[in-house]
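Colleague: Have a look at the structure that comes next, please.
The values are calculated or read from the model by the stated rules, or taken from the named source; none is laboratory data. In this text, all values refer to a predicted model and were calculated from it rather than measured experimentally. Virtual Cβ from ideal backbone geometry, glycine too; neighbours counted across all protein chains shown.
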Number of protein chains: 2
Amino acid sequence: MTTIKDVAQLANVSIATVSHVLNGTRFVSKEVQLRIMNAMETLNYQPSAVARGLRTKKTNTMAIIIPDITNPFFADFTRGFQDVVDQKGFLVLVCNSDRILTREIRFLEMIWQQRVDGVVLNPAMVKVEDLSRLVKARISVVLIGSQIDNPDFNVVMIDNVKGGFDATQHLIDLGHRKIGLVCGLLNTTSGGLRYQGYLKALEENGIPFQDDLTAEGPITYEGGYQCTRQLLSKNELPTAVFATSDVMALGAKTAIEDVGLQIPGDISLIGFDDIPEVSRTRPRLSTIAQPKYGMGQEAAIILLEQIENKQTNTRKRVVMTHKVIARESTAALK
Amino acid sequence: MTTIKDVAQLANVSIATVSHVLNGTRFVSKEVQLRIMNAMETLNYQPSAVARGLRTKKTNTMAIIIPDITNPFFADFTRGFQDVVDQKGFLVLVCNSDRILTREIRFLEMIWQQRVDGVVLNPAMVKVEDLSRLVKARISVVLIGSQIDNPDFNVVMIDNVKGGFDATQHLIDLGHRKIGLVCGLLNTTSGGLRYQGYLKALEENGIPFQDDLTAEGPITYEGGYQCTRQLLSKNELPTAVFATSDVMALGAKTAIEDVGLQIPGDISLIGFDDIPEVSRTRPRLSTIAQPKYGMGQEAAIILLEQIENKQTNTRKRVVMTHKVIARESTAALK
DNA sequence: TCATTATACGTAAACGTTTACGTAAAGGTT
DNA sequence: AACCTTTACGTAAACGTTTACGTATAATGA
């Protein structure tokens, strides 16, 4: 691989001069500039970002650690993030944790070693202690959609409790009182917060909580399907179901239809996230919309600002607004 | 940030010794090992991958350049790729080109500068010349789903012509003869190859080609919708539609339904890719299944092997098998 | 004409690792 | 006792940049 030294030699100048035309960091005569450009061309030269990174302590690289890029929510989020950091010339490492603690920690260490300039993390299992080592190392971190609402970290999130509340209230407004809940694992995900909102809505409306109306499972299509089948196997059926994520809601939809029930005729269904797919199903699913792409953008903006100002001490907390989107899958109780 | 020097100093040894315990590359007495481990612990030390990369000329990093991570096909592919390189300790940079030439080239240069160990690329606009510079720089490249079937590059792909042929033949077998085509831009995508398959099937079955039965557009939901509306605005309607990608097929589905026609009653519809969503729609869409995840794995395997053996000279070409999946959206012509 | 200042570029150290060599001390061999 | 091996670690160069200084030449002013 050809280096700056080769270029300097061929152009008959010092490597300093080459470096300076490379970065436009001091005046170089047109003549010499041309010689250098030509040399770079004929030698097929590309500067080494790793050598540069060693010297400048900037890698122009970000990392994003999410459960699964295959989940449309995180794909959208990631895209939003990338689109804005890309404009500033950053590349991004994406890591799939599958919500497994050892993986989260392993990736955290690997990207630390990579000396990335910033990290966005959707923390599932990882605890604050594991993260504080990172910020001590002066790496900027922003947490997303997190239940770790800690003032020591930048956070971009929505009000998940309010979101769960709104979804439930929407069903209640339609007359439902027997409302099933299909939920991600309570302790690890934002599902737990949405569950709190669910409880709050029930309470405020004087509806007693029924344990057998809730089911907990992995946040996947399959998970949603299994949880819903479980709900529907009880002797007392819900008239509406709130799934705390759209991928689970899609599973719920199939489960409901598989047992021969109609949506929304027999059972209303509302999800969470507003991934593209749920607006294309028949019936189209009601849901709580999160500004996925926008949240990615916000995370990027926070990191870029911290990096440019080298201020790793201040903390930002942006909570974005969700929206209940009533489509065809929720209807008034007959 | 603490360095190997700090650790060496605190442990009262040379940096060489620290390096050796770090990498397990020569014997160090238990006693000294312990001192060093403790020092690393108390100093919160993590080795710098960038310094290491400069010295060893290996970054333990791969890059993948795809049109859009938001497209489920590429998300799945990426996941397959990441899952296998992850086992070997590689991180991966993902870049969204949006099939824009300048972006493809820009990313190619950026990752080159990053000295990634390997690249997988879904080339949309980029030409062979742009790539040969990369391989000259001894970076391993594998192309995926490419119409650049060039012996100078590693390729993992399916037989897109055959795929297009099979999809069309499936419709013909059902009695259709007026078959519409909804296609990505012909010159830039694998859609072009599938289009060839379409033509071949028509020809072999003695069906004349009709120009006004084909429409070309961006490979998105919207693109599929617009193309299909265009087809349906002609005075002679097709009895079946082949969309060369599932995301376009989803748009086609909505378009057909929007003009009040039934699938498959009035029009049969078949897509390409078998993304998860099309098996959940009503009716479920017929499609040509690609082993997305598996293709990602294959790409990774090729790169890893080339990297381990430092042989950037040999080329591999693996063509994976597709499968026609007949679901509810295709039916016999009445 | 000589000192001063501008102009345009060069020298060399530093960034944090790895690794080819080198070496001091201890143990073995004759 | 002298020499050779082995053991366990240290020295220093190199990787490819950036950047604080240094410097030769030309231009300017008196």
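Colleague: Just checking, which of B:39, B:75, B:63 is surrounded by fewer than 21 Cβ atoms within 10 Å (Cβ to Cβ) and small (Gly, Ala, Ser)? Walk me through it before giving the result.
Modeller: Values: B:75 fails: surrounded by fewer than 21 Cβ atoms within 10 Å (Cβ to Cβ); B:63 fails: surrounded by fewer than 21 Cβ atoms within 10 Å (Cβ to Cβ).
Checking each option against the conditions leaves just B:39.
Colleague: Restricting region A:78-111 to residues that are in contact with a helix residue (DSSP H, G or I) (Cβ under 6 Å, 6 or more places away or on another chain) and among the small types (Gly, Ala, Ser), which is surrounded by the most Cβ atoms within 10 Å (Cβ to Cβ)?
Modeller: Top of the filtered list is A:97.
Colleague: Under the condition of being in a helix (DSSP H, G or I) and near DNA strand C (Cβ under 8 Å from one of its atoms), which residue from region A:7-17 is surrounded by the most Cβ atoms within 10 Å (Cβ to Cβ)? Please lay out each step first, then the result.
Modeller: Of region A:7-17, the ones in a helix (DSSP H, G or I) are A:7-11, A:15-17.
Now narrow it down to the ones that are near DNA strand C (Cβ under 8 Å from one of its atoms): A:8, A:15-17.
Numbers: A:8: 18, A:15: 15, A:16: 10, A:17: 20.
It comes out as A:17.
Colleague: Can you tell me which residue is nearest to the chain's Cα centre (by Cα) among those in region B:18-27 that are surrounded by fewer than 17 Cβ atoms within 10 Å (Cβ to Cβ) and more than 8 Å from DNA strand C (Cβ to nearest atom)?
Modeller: B:24
Colleague: Considering region B:51-78 alone, what residues qualify as being under 23 Å from residue B:306 (Cβ atoms) and within 16 Å of DNA strand C (Cβ to nearest atom)? Give the derivation first.
Modeller: If we filter region B:51-78 for residues that are under 23 Å from residue B:306 (Cβ atoms), which is where we start, we get B:52-66, B:74, B:77-78.
Matches in region B:51-78: B:52, B:53, B:54, B:55, B:56, B:57, B:58, B:59, B:60, B:61.
Colleague: Would you pick out the residues in region A:36-66 that are within 30 Å of the chain's Cα centre (by Cα) and either of a type in the set (Gly, Ala, Ser) or within 7 Å of chain B (Cβ to nearest Cβ) (or both)?
Modeller: A:49, A:50, A:53, A:54, A:59, A:63
Colleague: Within region A:1-44, restricting attention to residues that are of a type outside the set (Val, Ile, Thr) and near DNA strand D (Cβ under 7 Å from one of its atoms), which residue is nearest to residue B:111 (Cα to Cα)?
Modeller: Here is the first cut: in region A:1-44, the ones of a type outside the set (Val, Ile, Thr) are A:1, A:5-6, A:8-12, A:14, A:16, A:19-20, A:22-24, A:26-27, A:29-31, A:33-35, A:37-41, A:43-44.
Filter once more, so that each one left must be near DNA strand D (Cβ under 7 Å from one of its atoms): A:1, A:5, A:16, A:19-20, A:22-23.
Working: A:1: 14, A:5: 21, A:16: 24, A:19: 19, A:20: 22, A:22: 17, A:23: 18 Å.
Filtering region A:1-44 for residues that are of a type outside the set (Val, Ile, Thr) and near DNA strand D (Cβ under 7 Å from one of its atoms), the one nearest to residue B:111 (Cα to Cα) comes out as A:1.
Colleague: If you check A:133, A:138, A:103, which single one turns out to be within 14 Å of chain B (Cβ to nearest Cβ), touching a residue at least 60 places away in the same chain (Cβ under 8 Å), farther than 24 Å from residue B:110 by Cα and among the basic types (Lys, Arg)?
Modeller: Values: A:133 fails: touching a residue at least 60 places away in the same chain (Cβ under 8 Å); A:103 fails: touching a residue at least 60 places away in the same chain (Cβ under 8 Å).
One residue alone meets the criteria, A:138.
Colleague: How do the pairs read when you match residues in region B:11-26 that are touching a residue at least 24 places away in the same chain (Cβ under 8 Å) with residues anywhere that are aliphatic (A, V, I, L, M), using Cβ under 8 Å and keeping only pairs 6 or more apart or on different chains?
Modeller: That search, which allows pairs on different chains as well, returns B:11/B:18; B:11/B:32; B:11/B:36; B:11/B:39; B:22/B:4.
Colleague: Is it the case, given these coordinates, that residue B:148 is more than 8 Å from chain A (Cβ to nearest Cβ) and touching a His at 6+ places or on another chain (Cβ under 9 Å)? Walk me through how you get there before you give the answer.
Modeller: Details: more than 8 Å from chain A (Cβ to nearest Cβ): yes; touching a His at 6+ places or on another chain (Cβ under 9 Å): no.
For residue B:148, the condition - more than 8 Å from chain A (Cβ to nearest Cβ) and touching a His at 6+ places or on another chain (Cβ under 9 Å) - is not met.
Colleague: So, in region B:18-28, how many residues would count as being assigned to a helix (DSSP H, G or I) and either farther than 27 Å from residue A:50 by Cβ or of a type in the set (A, V, I, L, M, F, W, C) (or both)?
Modeller: First, the residues of region B:18-28 that are assigned to a helix (DSSP H, G or I): B:18-23.
Checking the rest, the ones that are also either farther than 27 Å from residue A:50 by Cβ or of a type in the set (A, V, I, L, M, F, W, C) (or both) come to B:18, B:21-22.
Within region B:18-28, residues that are assigned to a helix (DSSP H, G or I) and either farther than 27 Å from residue A:50 by Cβ or of a type in the set (A, V, I, L, M, F, W, C) (or both) number 3.
Colleague: While we're looking at this one, here's another question. In the same structural domain as residue A:187 (by TED's automatic domain parsing) and under 24 Å from residue A:76 (Cα atoms): which single residue out of A:268, A:329, A:279 fits that description?
Modeller: Values: A:268 fails: under 24 Å from residue A:76 (Cα atoms); A:329 fails: in the same structural domain as residue A:187 (by TED's automatic domain parsing).
Exactly one residue qualifies, and that residue is A:279.
Colleague: For residue A:82, are the conditions met, namely being touching a Phe, Trp or Tyr at 6+ places or on another chain (Cβ under 9 Å) and within 30 Å of residue B:83 (Cα to Cα)? Give the steps one after another, and end with the answer.
Modeller: Details: touching a Phe, Trp or Tyr at 6+ places or on another chain (Cβ under 9 Å): yes; within 30 Å of residue B:83 (Cα to Cα): yes.
So residue A:82 fits the description; yes.
Colleague: Considering A:221, A:198, which residue is touching a Leu at 6+ places or on another chain (Cβ under 8 Å), among the hydroxyl-bearing types (Ser, Thr, Tyr), assigned by TED's automatic domain parsing to the domain that holds residue A:272 and at pLDDT below 95? Before the answer, list the steps.
Modeller: Values: A:198 fails: at pLDDT below 95.
After ruling out the rest, the residue left standing is A:221.
Colleague: Same structure again: Would you check which residues across region A:67-94 are touching a strand residue (DSSP E or B) at 6+ places or on another chain (Cβ under 7 Å) and facing another protein chain (nearest Cβ under 7 Å) and list them?
Modeller: A:69, A:78, A:79, A:82, A:91, A:92, A:93, A:94
Colleague: Among the numbered conditions (1) at pLDDT below 95; (2) touching a Ser or Thr at 6+ places or on another chain (Cβ under 7 Å), tell me where residue A:311 comes up short.
Modeller: (2)
Colleague: Find all pairs meeting these conditions: Cβ atoms under 6 angstrom apart; at least six residues apart or on different chains; first residue within region A:254-282 and more than 13 Å from residue A:329 (Cβ to Cβ); second residue among the basic types (Lys, Arg).
Modeller: Within 6 Å, the pairs are A:255/A:229.
Colleague: From the list B:113, B:82, which one is more than 12 Å from DNA strand C (Cβ to nearest atom), in the same structural domain as residue B:300 (by TED's automatic domain parsing) and more than 19 Å from residue A:96 (Cα to Cα)? Spell out the reasoning first.
Modeller: On the way: B:82 fails: more than 19 Å from residue A:96 (Cα to Cα).
Just a single option satisfies the conditions, and that option is B:113.
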